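What follows is a single structure, written as structure tokens, with notes after it.
The values are calculated or read from the model by the stated rules, or taken from the named source; none is laboratory data. Keep in mind that what you see is a predicted model, and the values were worked out from it rather than measured. Backbone-built Cβ (ideal geometry, glycine too); neighbour counts: all protein chains shown.
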Amino acid sequence: MRSKVTVVGAGNVGATAVQRIHQLGYADTVLVDVVEDLPQGKALDMLESGPVIGSDAQVIGSNDYEATANSDVVVITAGIARRPGMSRDDLLLTNMNITTAVTEQNILESSGFPRNRVFGMAGVLDTARFRTFIAQELNVSVEDVQAYVLGGHGDDMVPLVRYTTVGGIPISEMLSEETVGALVQRTRQGGGEIVALLKAGSAFYAPSASITQMVEAILLDKKRILPGCAYLEGEFGINGLCVGVPIKVGAGGMEQVIEIKLMDHEQKALEASAASVQELVEKVAGRSSRERELLDKAARYLPGGGSGNTNFPESVNFLAREGRGSHIWDVSGNEYVDWLMGSGPMVLGHAHPAVVEAVIEAVGQGSTFFTTNEKAVLLAEELVNSVPCADKVRFTTSGTDACFQCMRAARAYRKREKVLKFEGGFHGTSDYALMSVTPSSAEEFPQAVPNSGGIPKAIQDLMLVAPYNDLDTTATIIEAHHDELAAVIVEPVQRIISPKSGFLQGLRELTKRYDIRLIFDEVVPDSGWNTAGHRYITGSLLTSAPWVKSWAAVIRWPQ
Ligand SMILES: NC(=O)C1=CN([C@@H]2O[C@H](COP(=O)(O)OP(=O)(O)OC[C@H]3O[C@@H](n4cnc5c(N)ncnc54)[C@H](O)[C@@H]3O)[C@@H](O)[C@H]2O)C=CC1
Ligand SMILES: CC(=O)C(=O)O
């Protein structure tokens, strides 16, 4: 009776592994994937190769796990593959979620199996690469090169040079230390070398061959000594972590960790590699399956996987669940000090009881009227009485809208079309504002660089850009363009950069001299009406975000 092997993931690695196992002839294979019909199609194609390659084994493709019952070995290759610019660590969270999803399908009960039944392949692959490079260098058969690459599968993997032999002869007798060092380095970057060449995926021929070698060792009870990834329980001084070490592979799976004696520097390198693995484990361990599931949904349903304001690396990405005062909590319950505070408006802290009470009371009286309402009038009166430069108030629903309306009002008043902003200044996401916020190319001032595709060239030509805090250059630009400038828009405190002494006063004088509107965009910098020392210099227009999402354009008009 033939053995049975299930391979989950019908992509490059999985399908090629099934092809290789099918070719052995003594194991039926089941190929499982979430993509409808993909595993069925590949399985049928492989089955039809049987008469040619002389294999009577069955190959079944499936989108569920019913056909996998009674498998002798299950290989999980489901995941996303590396692309240029990604490190292996970048894949960690997504692939962990996929593996969790797979193991929850009852192939493995992820926590219930003893360690001899769950182990990994990467060391066999890394060792195969090292052996290939050595054989090429010496022009000898790959079969005569013996080597071990231990540790993690990252850049600090540990090729054990002392145990590397060619036909039984230590490598140090055949190659210089420098050449061996170069081959070690190439091995460490072996996966990346292939990703850079393939561009649309990662290695799969050598990985699938490595999988097949391990599968064969199990099915034929070969007791092979291979560099596999095993859960260590104190061996090599490492506890509770999966790390690449020499293991014996046979019918019992990972039957033994072979604890060879390491020299001090080898032990240290192995420990350093294990420490990197531990760091990654800790990074992802803080995410509950609920949060991981939601992060996956965010990637699926939100462009760029988020709200567009913050992009954290995958390994530290999180989803905020609630906030109180100056702290927030993520979906997994981890607590953070919140230095962002909603990017400005949460000056009173998250969920301040008085704010919550007022909002609940107000919502109880209706929330959107479209017509002017009693509270808007009273709030406008309050703002005009509190802010020296405010004559009238226009309420808007976002900072983008406030800045956009201020620029438009200035253009209408001055009957000119151009506006000057500062490099790095953020005034929302209108076509006018998305200029030189984070410029992708270095242009001479005052050339504006759009921060997004889709912005009309005509609008780009209407925006001039000056360097923040550089009054001389700004003055030169204003002087050269004063007869076409309607306004200068500036964040008085640009993000986290304070204005240099005299910069805002100089700007005020220049704009007054040429009768140009000066717009102070306080949407983010404003963290309380009375705190900003620059407030005695009044702009012509002022945007502000004083309270929870209640954005206002405050206008002194005309000057
Ligand atoms: N540790 C190592 O030495 C190596 C690891 N890899 C990793 O192996 C994985 C597979 O690589 P490739 O085959 O090149 O990628 P691939 O993109 O060609 O195939 C991955 C397959 O997994 C499937 N899949 C995704 N989620 C699934 C789920 N929940 N259940 C079942 N199938 C699912 C996809 O539909 C796809 O067909 C990648 O994560 C890659 O990074 C690849 C080579 C070496
Ligand atoms: C994909 C991968 O991990 C490798 O080729 O080494």
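Every residue, every condition in (1) near ligand 2 (Cβ under 10 Å from one of its atoms); (2) touching a helix residue (DSSP H, G or I) at 6+ places or on another chain (Cβ under 8 Å); (3) assigned by TED's automatic domain parsing to the domain that holds residue 92; (4) outside any helix (DSSP H, G or I), yes or no:
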| residue | (1), (2), (3), (4) |
| --- | --- |
| 172 | no, yes, no, no |
| 181 | no, no, no, no |
| 185 | no, no, no, no |
| 191 | yes, yes, no, no |
| 195 | yes, no, no, no |
| 206 | yes, yes, no, no |
| 217 | no, no, no, no |
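Of all residues in segment 354-377, those satisfying the criterion of being surrounded by 10 or more Cβ atoms within 10 Å (Cβ to Cβ), in a helix (DSSP H, G or I) and either out of contact with any strand residue (DSSP E or B) (no Cβ under 9 Å at 6 or more places or on another chain) or free of Cβ contacts under 8 Å to residues at least 60 places away in the same chain (or both) are 356, 357, 358, 359, 362, 375, 376, 377. From the list 13, 7, 30, 35, the one residue that fits, being part of a helix (DSSP H, G or I) and either at pLDDT 95 or above or out of contact with any helix residue (DSSP H, G or I) (no Cβ under 8 Å at 6 or more places or on another chain) (or both), is 13.
Scan segment 482-500 and give yes if some residue there is assigned to a helix (DSSP H, G or I) and in contact (Cβ under 8 Å) with a residue 24 or more places away in the chain, otherwise no. No, the conditions are met nowhere in segment 482-500. If you go through segment 84-105 and keep only what is touching a Leu at 6+ places or on another chain (Cβ under 9 Å) and more than 9 Å from ligand 1 (Cβ to nearest atom), you end up with 84, 89, 92, 93. Within segment 146-153, none of the residues are more than 16 Å from ligand 1 (Cβ to nearest atom), under 19 Å from residue 133 (Cα atoms) and touching a residue at least 60 places away in the same chain (Cβ under 8 Å).
The residues of segment 250-292 that are part of a loop (DSSP other than H, G, I, E, B) and touching a residue at least 12 places away in the same chain (Cβ under 8 Å), listed by number, are 251, 252, 258, 259, 260, 262, 263, 286, 287, 288. If only residues of segment 154-172 that are away from ligand 1 (no atom under 16 Å from the Cβ) and buried (at least 16 other Cβ atoms within 10 Å of the Cβ) are counted, the one that is farthest from residue 238 (Cα to Cα) is 166.
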